[in-house]
Amino acid sequence: MRKKLVAGNWKMHGSLTENAALLAAIKPALDGIEAAVCVPFPYLAQVQASLAGSSISWGAQNVSEQAKGAFTGEVSTAMLRDFGCEYVIVGHSERRSLYGESDELVARKYMAAQAAGLTPILCVGESLSEREGGVTEAVVARQLDAVIAAAGVASLASAVVAYEPVWAIGTGKTATPEQAQAVHAFIRRKLAALDANVAERLIIQYGGSVKAANAAELMAQPDIDGGLIGGASLIADEFIAICRAAAK
Ligand code: PGA
(Lines give C-alpha, C1' and ligand atoms only; values in the text may rest on other atoms or scores of the structure.)
Protein backbone atom coordinates (compact mmCIF):
# COMPACT_ATOMS: atom_id res chain seq x y z
CA MET A 1 0.00 0.00 0.00
CA ARG A 2 1.20 3.49 -0.83
CA LYS A 3 1.35 5.83 2.11
CA LYS A 4 -0.55 9.07 1.92
CA LEU A 5 1.11 12.45 2.27
CA VAL A 6 -0.55 15.78 2.91
CA ALA A 7 1.59 18.88 2.39
CA GLY A 8 0.65 22.45 3.19
CA ASN A 9 1.58 25.16 0.71
CA TRP A 10 1.55 28.37 2.71
CA LYS A 11 2.24 30.46 -0.43
CA MET A 12 3.15 34.07 0.43
CA HIS A 13 1.35 34.10 3.75
CA GLY A 14 2.37 34.17 7.38
CA SER A 15 4.43 36.10 9.90
CA LEU A 16 6.64 34.95 12.76
CA THR A 17 3.73 35.45 15.13
CA GLU A 18 1.06 33.81 12.99
CA ASN A 19 3.33 30.89 12.14
CA ALA A 20 4.17 30.28 15.78
CA ALA A 21 0.49 29.95 16.62
CA LEU A 22 -0.20 27.68 13.63
CA LEU A 23 2.79 25.43 14.38
CA ALA A 24 1.94 25.23 18.07
CA ALA A 25 -1.51 23.97 17.12
CA ILE A 26 -0.65 21.48 14.39
CA LYS A 27 2.44 19.92 15.95
CA PRO A 28 0.81 18.11 18.89
CA ALA A 29 -2.37 17.39 16.93
CA LEU A 30 -0.47 15.61 14.17
CA ASP A 31 1.86 13.71 16.46
CA GLY A 32 2.67 10.44 14.69
CA ILE A 33 1.05 11.50 11.41
CA GLU A 34 3.41 12.11 8.50
CA ALA A 35 2.74 15.50 6.94
CA ALA A 36 4.69 18.45 5.56
CA VAL A 37 4.54 22.22 5.29
CA CYS A 38 6.11 24.20 2.45
CA VAL A 39 6.76 27.70 3.73
CA PRO A 40 8.20 31.00 2.48
CA PHE A 41 12.03 31.02 2.54
CA PRO A 42 12.40 33.49 5.45
CA TYR A 43 10.45 31.16 7.73
CA LEU A 44 12.48 28.01 7.11
CA ALA A 45 14.58 28.60 10.23
CA GLN A 46 11.42 29.01 12.27
CA VAL A 47 9.82 25.80 11.07
CA GLN A 48 13.10 23.94 11.40
CA ALA A 49 13.37 24.99 15.06
CA SER A 50 9.71 24.27 15.71
CA LEU A 51 9.23 20.98 13.85
CA ALA A 52 12.58 19.22 14.31
CA GLY A 53 11.95 15.80 15.83
CA SER A 54 8.23 15.85 14.99
CA SER A 55 6.42 13.79 12.37
CA ILE A 56 5.92 16.93 10.26
CA SER A 57 8.55 17.61 7.60
CA TRP A 58 9.08 20.94 5.91
CA GLY A 59 10.19 22.40 2.66
CA ALA A 60 10.12 25.33 0.28
CA GLN A 61 7.84 26.39 -2.56
CA ASN A 62 10.48 27.06 -5.19
CA VAL A 63 14.23 26.69 -5.70
CA SER A 64 16.89 27.76 -8.16
CA GLU A 65 18.01 25.34 -10.85
CA GLN A 66 21.52 26.78 -10.40
CA ALA A 67 23.91 25.45 -7.77
CA LYS A 68 25.38 28.82 -6.70
CA GLY A 69 26.79 32.05 -7.99
CA ALA A 70 25.66 35.40 -9.30
CA PHE A 71 21.91 34.80 -9.36
CA THR A 72 20.51 37.70 -7.39
CA GLY A 73 17.36 36.82 -5.49
CA GLU A 74 17.61 33.08 -6.00
CA VAL A 75 17.81 30.36 -3.34
CA SER A 76 19.77 27.15 -3.89
CA THR A 77 19.03 23.54 -3.08
CA ALA A 78 22.03 23.47 -0.71
CA MET A 79 20.53 26.37 1.24
CA LEU A 80 17.27 24.45 1.58
CA ARG A 81 19.24 21.45 2.84
CA ASP A 82 20.97 23.73 5.34
CA PHE A 83 17.59 24.39 6.88
CA GLY A 84 16.61 20.73 7.01
CA CYS A 85 14.16 20.81 4.13
CA GLU A 86 12.89 17.48 2.93
CA TYR A 87 10.60 18.75 0.16
CA VAL A 88 10.45 21.48 -2.44
CA ILE A 89 7.49 22.30 -4.65
CA VAL A 90 8.48 22.67 -8.30
CA GLY A 91 6.31 23.78 -11.19
CA HIS A 92 3.42 25.14 -9.17
CA SER A 93 0.93 26.66 -11.61
CA GLU A 94 1.48 30.10 -10.06
CA ARG A 95 5.20 29.82 -10.89
CA ARG A 96 4.39 28.59 -14.38
CA SER A 97 1.78 31.21 -15.20
CA LEU A 98 2.89 34.28 -13.20
CA TYR A 99 6.67 33.82 -13.42
CA GLY A 100 6.94 32.21 -16.82
CA GLU A 101 8.47 28.92 -15.71
CA SER A 102 8.61 26.57 -18.69
CA ASP A 103 8.32 22.79 -18.58
CA GLU A 104 12.08 22.65 -19.23
CA LEU A 105 12.96 25.01 -16.38
CA VAL A 106 10.70 23.05 -14.04
CA ALA A 107 12.53 19.87 -15.09
CA ARG A 108 15.89 21.49 -14.29
CA LYS A 109 14.63 22.55 -10.85
CA TYR A 110 13.31 19.03 -10.28
CA MET A 111 16.71 17.54 -11.13
CA ALA A 112 18.59 20.06 -9.00
CA ALA A 113 16.33 19.22 -6.06
CA GLN A 114 16.92 15.49 -6.40
CA ALA A 115 20.66 15.93 -6.85
CA ALA A 116 20.70 17.68 -3.46
CA GLY A 117 18.67 14.96 -1.77
CA LEU A 118 15.44 16.95 -1.67
CA THR A 119 12.16 15.36 -2.71
CA PRO A 120 10.52 17.48 -5.39
CA ILE A 121 6.75 17.85 -5.31
CA LEU A 122 6.15 18.22 -9.03
CA CYS A 123 2.92 20.09 -9.80
CA VAL A 124 1.01 19.42 -12.99
CA GLY A 125 -2.45 20.45 -14.07
CA GLU A 126 -4.59 22.04 -16.74
CA SER A 127 -6.22 25.45 -16.95
CA LEU A 128 -9.97 25.89 -17.30
CA SER A 129 -9.75 26.55 -21.04
CA GLU A 130 -7.57 23.47 -21.47
CA ARG A 131 -10.11 21.35 -19.61
CA GLU A 132 -12.96 22.79 -21.64
CA GLY A 133 -10.92 22.20 -24.78
CA GLY A 134 -10.59 18.53 -23.90
CA VAL A 135 -6.80 18.58 -23.62
CA THR A 136 -6.41 17.89 -19.90
CA GLU A 137 -4.57 14.60 -20.44
CA ALA A 138 -2.39 16.05 -23.17
CA VAL A 139 -1.33 18.96 -20.94
CA VAL A 140 -0.56 16.76 -17.96
CA ALA A 141 1.31 14.31 -20.20
CA ARG A 142 3.38 17.13 -21.70
CA GLN A 143 4.31 18.44 -18.23
CA LEU A 144 5.31 14.95 -17.08
CA ASP A 145 7.15 14.15 -20.29
CA ALA A 146 9.42 17.17 -19.89
CA VAL A 147 10.60 15.77 -16.56
CA ILE A 148 10.84 12.19 -17.82
CA ALA A 149 12.86 13.32 -20.85
CA ALA A 150 15.30 15.20 -18.63
CA ALA A 151 15.51 12.96 -15.57
CA GLY A 152 14.13 9.58 -16.61
CA VAL A 153 11.06 7.78 -15.33
CA ALA A 154 13.07 6.09 -12.54
CA SER A 155 13.60 9.53 -10.96
CA LEU A 156 9.94 9.50 -9.97
CA ALA A 157 10.80 6.88 -7.35
CA SER A 158 12.17 9.84 -5.36
CA ALA A 159 9.49 12.38 -6.12
CA VAL A 160 5.91 13.28 -5.38
CA VAL A 161 3.52 14.42 -8.11
CA ALA A 162 0.72 16.84 -7.30
CA TYR A 163 -2.19 17.05 -9.72
CA GLU A 164 -3.60 20.54 -9.36
CA PRO A 165 -6.22 21.63 -11.87
CA VAL A 166 -5.55 25.35 -12.17
CA TRP A 167 -9.27 26.17 -12.19
CA ALA A 168 -9.62 24.59 -8.74
CA ILE A 169 -6.74 26.43 -7.06
CA GLY A 170 -7.88 29.02 -4.57
CA THR A 171 -11.27 29.23 -6.24
CA GLY A 172 -13.33 27.12 -3.86
CA LYS A 173 -14.17 24.98 -6.92
CA THR A 174 -12.81 21.54 -6.11
CA ALA A 175 -12.57 18.91 -8.78
CA THR A 176 -15.12 16.23 -7.96
CA PRO A 177 -13.56 13.07 -6.54
CA GLU A 178 -14.40 11.38 -9.86
CA GLN A 179 -12.78 14.12 -11.95
CA ALA A 180 -9.64 14.04 -9.83
CA GLN A 181 -9.48 10.25 -9.73
CA ALA A 182 -9.75 10.10 -13.54
CA VAL A 183 -6.65 12.26 -14.00
CA HIS A 184 -4.75 10.52 -11.20
CA ALA A 185 -5.47 7.17 -12.84
CA PHE A 186 -4.35 8.58 -16.18
CA ILE A 187 -1.04 9.71 -14.66
CA ARG A 188 -0.46 6.33 -13.06
CA ARG A 189 -1.37 4.45 -16.25
CA LYS A 190 0.91 6.64 -18.31
CA LEU A 191 3.83 6.05 -15.96
CA ALA A 192 3.04 2.35 -15.60
CA ALA A 193 3.58 1.96 -19.33
CA LEU A 194 7.18 3.06 -18.71
CA ASP A 195 7.83 1.56 -15.28
CA ALA A 196 5.10 -0.33 -13.45
CA ASN A 197 6.96 -0.40 -10.16
CA VAL A 198 7.58 3.33 -10.06
CA ALA A 199 3.98 4.03 -11.03
CA GLU A 200 2.60 1.78 -8.32
CA ARG A 201 4.66 3.42 -5.58
CA LEU A 202 4.37 7.04 -6.66
CA ILE A 203 2.50 9.37 -4.32
CA ILE A 204 0.10 11.44 -6.43
CA GLN A 205 -1.39 14.27 -4.39
CA TYR A 206 -4.50 16.19 -5.36
CA GLY A 207 -4.48 19.96 -4.90
CA GLY A 208 -7.12 22.60 -5.48
CA SER A 209 -9.52 23.85 -2.81
CA VAL A 210 -9.10 20.83 -0.55
CA LYS A 211 -10.72 21.47 2.82
CA ALA A 212 -11.74 19.45 5.84
CA ALA A 213 -15.23 19.12 4.38
CA ASN A 214 -14.15 17.44 1.12
CA ALA A 215 -10.90 15.75 2.14
CA ALA A 216 -12.30 12.36 3.12
CA GLU A 217 -14.05 11.67 -0.18
CA LEU A 218 -11.04 12.82 -2.20
CA MET A 219 -8.63 10.72 -0.13
CA ALA A 220 -10.89 7.68 -0.53
CA GLN A 221 -10.18 7.55 -4.27
CA PRO A 222 -7.83 4.70 -5.16
CA ASP A 223 -5.25 6.85 -6.96
CA ILE A 224 -5.34 9.91 -4.70
CA ASP A 225 -2.50 9.56 -2.21
CA GLY A 226 -2.77 12.77 -0.25
CA GLY A 227 -3.09 16.45 -0.94
CA LEU A 228 -1.27 19.69 -1.55
CA ILE A 229 -3.19 22.20 0.49
CA GLY A 230 -3.09 25.97 0.01
CA GLY A 231 -5.61 28.14 1.82
CA ALA A 232 -6.77 25.47 4.25
CA SER A 233 -3.19 24.77 5.40
CA LEU A 234 -3.17 28.18 7.10
CA ILE A 235 -6.09 27.23 9.35
CA ALA A 236 -4.94 24.83 12.04
CA ASP A 237 -8.22 22.94 12.49
CA GLU A 238 -8.66 22.55 8.73
CA PHE A 239 -5.13 21.32 8.12
CA ILE A 240 -5.30 18.92 11.06
CA ALA A 241 -8.61 17.48 9.86
CA ILE A 242 -7.30 17.02 6.30
CA CYS A 243 -4.14 15.26 7.53
CA ARG A 244 -6.23 13.00 9.76
CA ALA A 245 -8.62 12.19 6.91
CA ALA A 246 -5.66 11.15 4.76
CA ALA A 247 -4.14 9.06 7.53
CA LYS A 248 -7.30 7.00 8.05
P1 PGA B 1 -5.71 25.90 -2.58
O2 PGA B 1 -4.25 25.88 -3.24
O3 PGA B 1 -5.80 24.73 -1.64
O4 PGA B 1 -5.79 27.23 -1.86
O5 PGA B 1 -6.70 25.79 -3.70
C6 PGA B 1 -3.62 24.66 -3.56
C7 PGA B 1 -2.27 24.94 -4.17
O8 PGA B 1 -2.14 25.92 -4.93
O9 PGA B 1 -1.30 24.21 -3.92
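The values are calculated or read from the model by the stated rules, or taken from the named source; none is laboratory data. Computed from a predicted structure; not experimentally measured. With ideal geometry, Cβ positions are generated from the backbone for all residues, glycine too; neighbour counts draw on all protein chains shown. Calculation scope for accessible area: heavy atoms of the full protein, side chains included, ligands and nucleic acids excluded. Shrake-Rupley method; radii C 1.70, N 1.55, O 1.52, S 1.80 Å.
Look at where the Cα atoms of the stretch 69-98 and of the stretch 106-178 average out, and the two centres are 16 Å apart.
Taking all protein chains as present, what is the carbon and sulfur share of the accessible area of the chain, in % to the nearest whole number, probe 1.4 Å? The nonpolar share, carbon plus sulfur, comes to 55 percent. Using the 1.4 Å probe convention, the accessible area of the stretch 5-247 works out to 41 Å² per residue with neighbouring protein chains retained.
Taking Phe71, Phe186, Phe83 as the candidate residues, the one with maximal mean-square fluctuation in a Gaussian network model of the chain, Cα springs under 10 Å, is Phe71. Note on Thr17 and Ala216: the model spin-label points, each 7 Å out from Cα along the C-beta direction, lie 3.7 nm apart. For Ser93, the accessible area of its heavy atoms, probed at 1.4 Å with every protein chain present, is near 20 square angstrom.
Taken as entire DSSP H runs, the helices of the chain that both span 15 Å or more between Cα atoms along their own long axis and average 0.0 or more on the Kyte-Doolittle scale are 16-29, 136-151, 236-247. Beta bridges from DSSP with both residues in the chain: antiparallel share about 0 percent, rounded to the nearest 5.
The three principal axes of the Cα atoms in the stretch 22-142 give end-to-end lengths of 46, 38, 22 Å, sorted in falling order. For the stretch 5-247, lysine pairs separated by 8 or more sequence positions, or belonging to different chains, with Cα-Cα distances below 23 Å total 8. From its DSSP helices (H runs of at least four residues, each -39,500 (n - 2.57)), the chain gives a residue-normalised ellipticity at 222 nm of -13000 deg cm²/dmol. In this structure, Phe186 and Tyr99 have a Cβ-Cβ separation that, at R0 = 41 Å, corresponds to a calculated FRET efficiency of about 0.95. For the peptides 8-21, 50-63, the ranking by packing is 50-63, 8-21, with the highest mean count of neighbouring Cβ atoms within 10 Å listed first. The GNM of the chain, with springs linking C-alpha atoms under 10 angstrom apart, assigns the highest mean-square fluctuation among Ala45, Ala182, Ala193 to Ala193. Its relative contact order, with pairs defined as Cα atoms under 8 Å and 6+ residues apart, puts the stretch 5-247 at 21 percent.
In square nanometres and to one decimal, what's the mean projected area of the convex hull around the Cα atoms of the stretch 5-247? Please report the intermediate quantities before stating the final value.
Values: hull surface 48.2 nm².
Result: a mean projected hull area of 12.1 nm².
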